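Have a look at the structure below before the remarks.
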């Protein structure tokens, strides 16, 4: 894995905006045009294999959580336990997720799993692919995200009754979320679905009928939500969701995996696994350095780096009252002052591609820069 | 296979797709004074007793001149066949056995989105 400086493409901003990637310069630099990462084919094969292995372990961990009744331990509200449990029993289909890895060429470790609402999708799927074709057309990229999403939506479409609309929802006034959801809707349209957008604030509920509706009164039977389960189950309409009959993506059982509580459970099930980091619900298990992560923190908020030697770090945010986990500190590899993390996508149970995020600090946040990659075959 | 073959986009490049009109399927339920009347319309396993009294039939909607209903909560809608007496009730009229119809016009909005009002939802 090497970090390489290259020439910026002329009109790169226009190229990104043409595909709907409008937030490329959020907070100064988000898409880092003049930089890329080079991997070897062996490194990519390794990441691909470990991504598949982590998916397998995570599914076993959900089964373990259900069997041992650990739902509250990972942050599922007690009154929604049956709802989550039923979803798992039904084997409700999952569309996608993104594992975040530490990788330095010698070690590959799971940092966390964004199982419910992973973003940076259009940049991983389309933007960096177009970059590759412009800049390194003779090299390859670990990226079949677009095809795998299309195939997944085709498959979902086959299981739906004809003419049933499939809704895509996210919060209003958040450009990045909207672009991610519009990208997914685009893919679903190509896969033949009647894909419609609806802001989550506009979803209507009839308590008498016990169903959810769009702005025209059409019933919502299928819903992709870029809105975390722990928020949805805390909102006013929460109690109507289980009986509504909606098919939701990601499915309710994914709340178990989107909790950082899955990390100590994985470590308990697979101690000393070479791709896992020691993680516990209790900080006293560490004598030296550790990272404290709230169960449902997002985009690097409320992370505390406790270094035995050196300065500790803490990020701001509004998470943490739900409880935290403690993970062995594995500081990201630093390339000329840039700390890089690998985001590895899993779609319908298959490893689908990666994106690299880098930051000036060892904590990857919502402002961390996205950097394209290639590998030599 | 690691390499993409194509990454074509249709939505962002073609705003005209958004102009397609929606096929709304307003969902309804019939309210009955007794279980017998409900069973007469829908069959024995499709009626639900309400805490406030009375019985409700299954969720249904009209589409393409036919009645579709949801046999159980999570199942997909199926066309109401001849064995379902309610299928003979024309759209715009009411079953003589029903007390009334609840429709999705009793809809409130804004019950999602408040928890995340200060955040984006991505991770």
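Every number here is computed from the coordinates shown, using simple stated rules; none is lab data. Keep in mind the model is a prediction, meaning the values are calculated, not measured. Neighbour counts run over all protein chains shown; Cβ positions are idealised from the backbone, glycine included.
Give me Rg/Rg_expected for segment A:1-126, where Rg uses Cα atoms only and Rg_expected = 2.2 N^0.38 Å with N residues. Display every interim value, and only then the final one.
Working: Rg = 19.3 Å, N = 126, 2.2 N^0.38 = 13.8 Å.
Its radius of gyration relative to the 2.2 N^0.38 Å reference: 1.40.
Among A:278, A:294, A:137, which one shows the highest mean-square fluctuation when chain A is modelled as a Gaussian network with alpha-carbon springs under 10 Å?
A:137
Give the Debye-formula value of log10 I(q)/I(0) at each listed q (0.11, 0.13, 0.20, 0.28 Å⁻¹), with one equal scatterer per alpha carbon of segment A:136-204, two decimals each.
-0.34, -0.46, -0.86, -1.18
Add -39500 (n - 2.57) for each DSSP H run of 4 or more in the protein assembly as shown, then divide by its residues: what number comes out at 222 nm, to the nearest 500 deg cm²/dmol? Write out the running numbers ahead of the final one.
Details: 11 runs with 110 residues, N = 500.
Calculated from helices alone, the mean residue ellipticity at 222 nm is -6500 deg cm²/dmol.
Along Cα→Cβ, 7 Å out, is where each label goes; now give me the distance between the ones at residue A:159 and residue A:348 in nm to one decimal.
1.1
Report the gain in length on full extension from residue A:309 to residue A:270: 0.36 nm times residue separation, minus Cα-Cα distance, nm rounded to one decimal.
Details: separation 39, 0.36 × 39 = 14.04 nm, distance 2.87 nm.
So the extension gain works out to 11.2 nm.
Eigenvalues of the Cα gyration tensor times 5, then square-rooted: what semi-axes does that give for segment A:241-377, in whole angstrom, largest first?
Equivalent ellipsoid of segment A:241-377: 25, 22, 16 Å, largest first.
Using alpha-carbon pairs under 8 Å, 6+ residues apart, how would you state the relative contact order of segment A:262-328 in percent? Show your work: numbers first, answer last.
Numbers: 121 pairs, mean separation 24.1, N = 67.
Reported as a whole number, the value is 36 percent.
So, by mean Cβ neighbours within 10 angstrom, what's the order for A:259-268, A:214-223, A:25-34 with the highest one leading?
Numbers: A:259-268: 24.0, A:214-223: 20.6, A:25-34: 15.1.
My ranking of the peptides, most packed first, is A:259-268, A:214-223, A:25-34.
So if I take the centroid of the Cα atoms in segment A:1-15 and the same for segment A:130-179, what is the distance between those two points in Å?
23
Would you please state which residues of segment A:120-139 a label at residue A:9 would reach in this model, taking the label point 7 Å out along Cα→Cβ and a backbone N cut-off of under 14 Å?
Flagged as within label range: A:123-139.
Shielding of A:197-204 by partners, i.e. mean partner chain Cβ atoms within 10 Å per residue? Please list the in-between numbers first.
Details: counts 2, 0, 3, 7, 8, 4, 6, 9.
Other-chain Cβ atoms within 10 Å of each residue's Cβ, averaged: 5.
Averaged over its residues, how many other protein chain Cβ atoms are within 10 Å of peptide A:213-224's Cβ atoms?
Numbers: counts 10, 4, 4, 6, 9, 8, 10, 1, 6, 0, 0, 0.
For this peptide, the per-residue mean of nearby foreign Cβ atoms is 5.
Between segment A:336-375 and segment A:87-101, what is the separation of their alpha carbon centroids in Å?
Centre-to-centre (Cα) distance: 20 Å.
By average Cβ neighbour count within 10 Å, what is the ranking of A:44-56, B:87-99 from highest down? Provide the component values of the computation, followed by the final result.
Details: A:44-56: 18.5, B:87-99: 13.2.
In descending order of packing, they fall as A:44-56, B:87-99.
What Kirkwood radius, in Å to one decimal, follows from the Cα pairs of the protein assembly as shown?
Details: mean 1/r = 0.0413 Å⁻¹.
Computed over the protein assembly as shown, the radius equals 24.2 Å.
Name the most mobile residue of A:209, A:62, A:135, meaning the one with the largest mean-square fluctuation, in a Gaussian network model of chain A with Cα contacts below 10 Å.
So, out of A:209, A:62, A:135, the one fluctuating most is A:209.
Cα extents of segment A:66-220 along the three principal axes, largest first, in whole Å?
Largest first, segment A:66-220 extends 59, 42, 33 Å along its Cα principal axes.
Any idea what the relative contact order of chain A is, in percent, if you count C-alpha pairs under 8 Å spaced at least 6 apart?
Numbers: 713 pairs, mean separation 92.9, N = 377.
That works out to 25 percent.
Ranked highest first by the average count of other Cβ atoms within 10 Å around their residues, in what order do A:336-344, A:79-87, B:54-62 fall?
Working: A:336-344: 19.1, A:79-87: 17.1, B:54-62: 21.2.
Highest to lowest by the protection proxy: B:54-62, A:336-344, A:79-87.
Test of understanding: what is the full-extension gain from residue B:45 to residue B:99, defined as 0.36 nm times their sequence separation minus their Cα-Cα distance? It would help to have the intermediate numbers written out before the result.
Numbers: separation 54, 0.36 × 54 = 19.44 nm, distance 1.95 nm.
Full-extension gain reported as 17.5 nm.
State the Kirkwood hydrodynamic radius of segment A:262-328 in Å, one decimal place, computed from all pairs of distinct Cα atoms. Show your work: numbers first, answer last.
Working: mean 1/r = 0.0807 Å⁻¹.
For segment A:262-328, inverting the mean 1/r across all distinct Cα pairs yields 12.4 Å.
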